[in-house]
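Have a look at the structure below before the remarks.
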Amino acid sequence: MTQAINNEQLMIDEFKKLSTNQQQEVIDFIQFLQYKSQKDAKETQPISAYEAAQQWAGCVDSGLGDLSTNNAYLEGFGKE
């Protein structure tokens, strides 16, 4: 815990020594790191199989309908 407090105080002391423009660059960089961290967290969140396949839903429509209730299609099934 002491190390974290020392690092925090060191950063504050060094930050105060910078010019206004340099301080703004530091703030921008911190915001960039936070954004990058949030973006990485979103990319690694698990998704369901439905969400993964959602973009392909409906891409195999053949027009045959539900074959389990299509008696005309099932009549020839198994005949040689």
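Just a few scattered comments:
- For the pair GLN24 and MET11, the difference between a 0.36 nm per residue extended length and the Cα-Cα distance amounts to 3.3 nm.
- Label-point separation, GLN54 to SER37 (7 Å along Cα→Cβ), nm: 2.7 nm
Bear in mind these aren't lab numbers, they're just calculated from the coordinates by the rules spelled out. Keep in mind it's a predicted model, so treat the numbers as computed, not measured. With ideal geometry, Cβ positions are generated from the backbone for all residues, glycine too; neighbour counts draw on all protein chains shown.
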